[in-house]
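Peer 1: Input: one structure, supplied below.
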Amino acid sequence: MDQVSLRDKVAVITGASRGLGRAMAIEFGRQGAFTIVNYVKDEKSAQQTLDMVREAGGDGEIAMADVRKPEQVQAMFQGIFKTHKKVDILVNNAGITRDEYFLMMRPQSWLELMDVHLNGIFYCSKAVVRNMCAAKKGVILNIGSGSALVAMPGQVNYSASKAGLLGFSRSLAREVADKGVRVLHVAPGFFESDMTATLDPKFIQQTFAVTPLGRWGLGTELASVVTFLASDDCSFFTGHSVVIDGGRGAIEMEFGS
Ligand code: NAP
């Protein structure tokens, strides 16, 4: 992917201490972005991500903020703007699961998902969008999920919150398009990460069986698409959702299963 360049861009990726956020951070760094690795709990892992960004030829820094906490988000972005004067790319990636069948779902498991996925992108996007509009450029990429499109038992809370990201992305894209700011929604299917590592191996095999490419995606495969979407090569693309799922959504929607 050497043709895509994020040179001179300042990028913030929430939840980049591990998993898909880490993979995106490494690729952003490799393509020249100054990459800010947000984390909430695990500073050591965030530092490891930054080391990997540097090994890939890039640079960046780590920044702690719980995306659920508006005062922490504000403090993080104030620090970033003070030092770097701008944010060119925000990737709202931080995410959690609290899988429970709806009949047993505790209100807490519902609220936690809304808090991280919806309140989190609200606080982070608010923190950058005014500056992006003033600069007449910027990209906000919201990492949703194929679970918002394909029914997943035990994930009513996850699916609902991730579906919310789609509406958020489209509406915001429309509002800020004339200010030169792009907003996109990315819906990964089933990817290898800590989030999926603890799933029942039988469930993993069943998921592979309904995925035309017959496997899960790798972080690097998501990272290369997201890097392209974030780049100026993609300057006429906004308000849309990009599904990266090994073909699963297309097949399940076609047959209604
Ligand atoms: P992961 O390996 O569990 O990593 C989650 C990341 O989010 C961690 O860096 C974690 O930080 C961070 N995080 C969690 N709560 C946070 C908060 N309140 N504030 C800031 N950071 C927070 O998950 P992943 O698989 O990489 O998932 C990344 C994104 O892709 C999520 O939005 C997820 O919903 C989405 N997604 C994943 C898959 C998949 O198959 N893996 C599929 C579709 C969509 P700490 O390490 O500091 O806790």
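The values are calculated or read from the model by the stated rules, or taken from the named source; none is laboratory data. Because the structure is predicted, anything quoted here is derived from the model rather than measured. Methodologically, a virtual Cβ is constructed for each residue, glycine included, from the backbone with ideal geometry; neighbour enumeration extends over all protein chains shown. For accessibility, only protein heavy atoms count, side chains too; no ligands or nucleic acids. Shrake-Rupley method; radii C 1.70, N 1.55, O 1.52, S 1.80 Å.
Peer 1: Output the qualifying pairs, or none if there are none: Cβ atoms under 8 angstrom, residues six or more apart or on different chains, first residue in segment 103-121 and among the acidic types (Asp, Glu), second residue surrounded by fewer than 22 Cβ atoms within 10 Å (Cβ to Cβ).
Peer 2: Listed by first residue and then by second, the contacts come to 112/96; 112/98; 115/68.
Peer 1: Here is a follow-up. Does at least one position in segment 199-221 carry a residue that is out of contact with any strand residue (DSSP E or B) (no Cβ under 8 Å at 6 or more places or on another chain), away from the ligand (no atom under 15 Å from the Cβ) and within 22 Å of residue 10 (Cβ to Cβ)?
Peer 2: No.
Peer 1: If you go through segment 164-179 one residue at a time, do you hit one that is over 30 Å from residue 198 (Cβ atoms) and not in a helix (DSSP H, G or I)?
Peer 2: There is no residue in segment 164-179 that is over 30 Å from residue 198 (Cβ atoms) and not in a helix (DSSP H, G or I).
Peer 1: Please go through segment 127-146 and pick out each residue that is of a type outside the set (A, V, I, L, M), within 16 Å of the chain's Cα centre (by Cα) and closer than 16 Å to residue 80 by Cβ.
Peer 2: Result: 138, single match.
Peer 1: Given the criteria more than 16 Å from the chain's Cα centre (by Cα), open to solvent by 20 Å² or more (accessible area, probe 1.4 Å) and within 23 Å of residue 39 (Cα to Cα), does residue 99 qualify?
Peer 2: So residue 99 passes the test.
Peer 1: Right, another one. Exactly one condition in (1) part of a loop (DSSP other than H, G, I, E, B); (2) among the charged types (D, E, K, R); (3) in contact with a helix residue (DSSP H, G or I) (Cβ under 7 Å, 6 or more places away or on another chain); (4) within 16 Å of the ligand (Cβ to nearest atom) is false for residue 41; which is it?
Peer 2: Unmet for residue 41, out of (1) part of a loop (DSSP other than H, G, I, E, B); (2) among the charged types (D, E, K, R); (3) in contact with a helix residue (DSSP H, G or I) (Cβ under 7 Å, 6 or more places away or on another chain); (4) within 16 Å of the ligand (Cβ to nearest atom): (3).
Peer 1: With respect to residue 178, is the statement that it is on the phi < 0 side of the Ramachandran plot, in contact (Cβ under 8 Å) with a residue 12 or more places away in the chain and surrounded by fewer than 13 Cβ atoms within 10 Å (Cβ to Cβ) true?
Peer 2: no
Peer 1: I need the full set of residues from segment 44-72 which are away from the ligand (no atom under 12 Å from the Cβ), over 17 Å from residue 83 (Cβ atoms) and in a loop (DSSP other than H, G, I, E, B), in order please.
Peer 2: 56, 57 - these are the residues of segment 44-72 that are away from the ligand (no atom under 12 Å from the Cβ), over 17 Å from residue 83 (Cβ atoms) and in a loop (DSSP other than H, G, I, E, B).
Peer 1: Tally up the residues in segment 139-160 that are closer than 28 Å to residue 231 by Cβ and not hydrophobic (A, V, I, L, M, F, W, C), please.
Peer 2: Counting residues in segment 139-160 that are closer than 28 Å to residue 231 by Cβ and not hydrophobic (A, V, I, L, M, F, W, C) gives 5.
Peer 1: Please enumerate the residues belonging to segment 142-158 that are more than 11 Å from the ligand (Cβ to nearest atom) and either closer than 10 Å to residue 185 by Cβ or not aliphatic (A, V, I, L, M) (or both).
Peer 2: Hits for segment 142-158 are 153, 154, 157.
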